[in-house]
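This report concerns only the one structure given below.
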Number of protein chains: 2
Amino acid sequence: MLSPALNRLVEAFRRLPGIGPKTALRLVYYVLSMEEAEVEGMARALVEARRRVKQCTSCRNLTEEETCSICRDPRRDTSIVCVVQEPRDIPVIEKSGEFRGHYFVLHGALSPVEGRGPAELKIPLLLQWLEKEQIKEMIIATNPNVEGDATAYYLAETVRPLGLRITRIGFGLPVGGDLEYADELTMKRALEARREML
Amino acid sequence: MLSPALNRLVEAFRRLPGIGPKTALRLVYYVLSMEEAEVEGMARALVEARRRVKQCTSCRNLTEEETCSICRDPRRDTSIVCVVQEPRDIPVIEKSGEFRGHYFVLHGALSPVEGRGPAELKIPLLLQWLEKEQIKEMIIATNPNVEGDATAYYLAETVRPLGLRITRIGFGLPVGGDLEYADELTMKRALEARREML
């Protein structure tokens, strides 16, 4: 019942994650209410983001330059590297203010089913870097799930011969969370990760 | 911390309704994972929908032609018109299968605060149509809220001299809804709208 151009836009929005048919339709009606120049700006932003953004040749973070702003920053500690699954994990860690080293982005976790092995995650590139740059510690910040755990153990085993400190971020109850609502696996990890208080 | 092109795309997504900073960021990362051709197709769909879609000269529904598909359909009943606030209300009514007449889209409700009077809602155009086309019934399907109610009463008073049947869609409990969760205004309307069963 929608006109062809509207149907195409509904389909375009539905391709985005978390956007179902109803939300897509709401967005389409909103786009129709926008100024034409604003819609053109939005379209340009889409195409340019996709075209300009590429992977940092050093750490595989997203960047529009040859290397990312973190790799270029001379104030960052070059002796410590934090390995994350996705570029979107970096802002989360940066916001904590607890880490001033470099990152390495795997762009996924090991998954034989989806055809992601060590080569796809560019783990050889990471090893090369760890050796060349005299890194003292590698913090593994893969996700706390089956794939993230497997990737963490694989990384730890692979990097072990280099003799540097290998850690993984702590798991437990989220701050401000309610113990009552903690799932059993989080509770299990929180108990395992208990520390002396006095 | 994001690159300029990414920031521009985050801002573009945030302009859409219901999309906050976190969702915008998630969409941006998704766009980066798409094929470049697919992103270009999405950008084109945005611009073309905005450029091609205009208002039906007869009923103000959205269309890419001079008049909309409903106005052009010879099987529709031309003696009855349903007045709605927005084009998006039409599919909802169409899906019920209960209505085979024509529509008239106000593109809003009367709102002195936001500067929408009868002229802005093109009510004179509606009156002209009602007179010319020998309409027998006007169903008012504005929203069940203060602005929609005011618009409904204004329309009813304005159209009254034409001597046609003027109705408004029924209000009450939604089918499948749980009485327990009905708000007090819906419950009030549902009681007012009660009907004899036997």
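Okay, here's what the table says:
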quantity	calculated
Carbon/sulfur fraction of accessible area - region B:75-198, other protein chains in place, 1.4 Å, %	54 percent
Region B:1-111: Cα Rg divided by the 2.2 N^0.38 Å rule of thumb	1.45
Two-decimal ratio, the protein assembly as shown, of alpha-carbon radius of gyration to 2.2 N^0.38 Å	1.36
Too-long pairs where the Cα-Cα distance tops 22 Å, listed order kept, from A:Lys54/A:Lys136; A:Lys54/A:Lys132; B:Lys54/B:Lys122; A:Lys95/B:Lys22; A:Lys22/B:Lys22	A:Lys54/A:Lys136; A:Lys54/A:Lys132
Per-copy distances of the B:Leu191 label point, shortest first, in nm (7 angstrom along Cα→Cβ)	5.3
Sites excluded, trypsin sites (Lys or Arg not before Pro) in DSSP loops with at most 11 other C-beta within 10 Å, longest stretch of chain A	A:76-193
Sequence of A:Glu65, B:Glu64 from largest to smallest accessible area, 1.4 Å probe	A:Glu65, B:Glu64
Within chain B, helix-based [θ] at 222 nm, where runs of 4 or more DSSP H residues each add -39,500 (n - 2.57), nearest 500	-13000 deg cm²/dmol
Of the DSSP H helices in chain A, those whose Cα atoms cover at least 18 Å axially and whose Kyte score averages 1.6 or more	none
Shielded by partner chains, region A:18-36 residues - at least 30 Å² of accessible area, 1.4 Å probe, vs chain alone	A:Arg26, A:Leu27, A:Tyr29, A:Tyr30, A:Leu32, A:Glu36
Of all chain B residues, the one whose C-beta is nearest the axis that brings B onto A, in angstrom	B:Ala43, 2
Reciprocal mean inverse distance between Cα atoms of chain B - Kirkwood radius, Å	20.1 Å
Drop in accessible area of at least 30 Å² in the complex versus isolated chain, residues of region B:53-76, 1.4 Å probe	B:Val53, B:Leu62, B:Glu64
Relative contact order computed over region B:1-65 (Cα-Cα under 8 Å; 6+ residues apart), in percent	16 percent
Accessible area buried at the A-B interface, both sides summed, 1.4 Å probe (Å², nearest 100)	4400 Å²
Relative contact order (%) - chain B, alpha-carbon pairs under 8 angstrom, separation at least six	13 percent
Centroid-to-centroid separation of region B:93-123 and region A:1-59 [C-alpha atoms, Å]	27 Å
Cβ-vector label at 7 Å, B:Lys54, separations to other copies in nm	4.4
Calculated label separations, A:Glu120, copies of the chain, 7 Å along the beta-carbon direction, nm	5.4
Fraction of accessible area attributable to carbon and sulfur, region A:4-52 (%, probe 1.4 Å)	48 percent
In sequence order, calculated HN-Hα J values of region A:63-78 (Karplus, 6.51, -1.76, 1.60; Hz; x Gly/Pro)	7, 9, 9, 5, 10, 7, 5, 6, 5, 7, 6, x, 7, 6, 6, 7
Cut-off under 5 Å, modelled amide H: who pairs with B:Phe104 long-range	B:Cys82, B:Val83, B:Val84
Student exercise, chain B dipole from Lys, Arg, Asp, Glu Cβ charges, in Debye to nearest 20	280 debye
Selected from A:Leu127, A:Leu46, A:Leu179 as most flexible by GNM, with chain A as the system and alpha-carbon contacts under 10 Å	A:Leu179
Cβ-Cβ FRET estimate between A:Arg165 and A:Arg14, R0 fixed at 41 Å, reported to 0.05	0.30
In Å², nearest 10: area of A:Val146 left accessible to a 1.4 Å probe	120 Å²
Förster-model FRET efficiency, 56 Å R0, B:Val175 and A:Glu98, C-beta, rounded to 0.05	0.60
Where region A:58-196 is the region considered: accessible area per residue in Å², 1.4 Å probe	61 Å²
Overall form of region B:4-52 per C-alpha gyration tensor (a/c, 1.5; a/b vs b/c)	oblate
Charge-dipole axis of chain A as Lys and Arg at +1 and Asp and Glu at -1 on Cβ define it, positive-most pick from A:Pro124, A:Thr158, A:Pro74	A:Pro124
Average other protein chain Cβ within 10 Å of Cβ, residues A:5-16	6
Within region B:20-55, backbone nitrogen closer than 16 Å to the virtual label 7 Å beyond the Cα of B:Leu125 toward Cβ	B:53-55
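The values are calculated or read from the model by the stated rules, or taken from the named source; none is laboratory data. Fair warning: this is a prediction, and the values are worked out from it, not measured in the lab. Quick reminder, even Gly has a Cβ in these numbers, built from the backbone with ideal geometry, and neighbours come from all protein chains shown. For accessibility, only protein heavy atoms count, side chains too; no ligands or nucleic acids. Shrake-Rupley method; radii C 1.70, N 1.55, O 1.52, S 1.80 Å.
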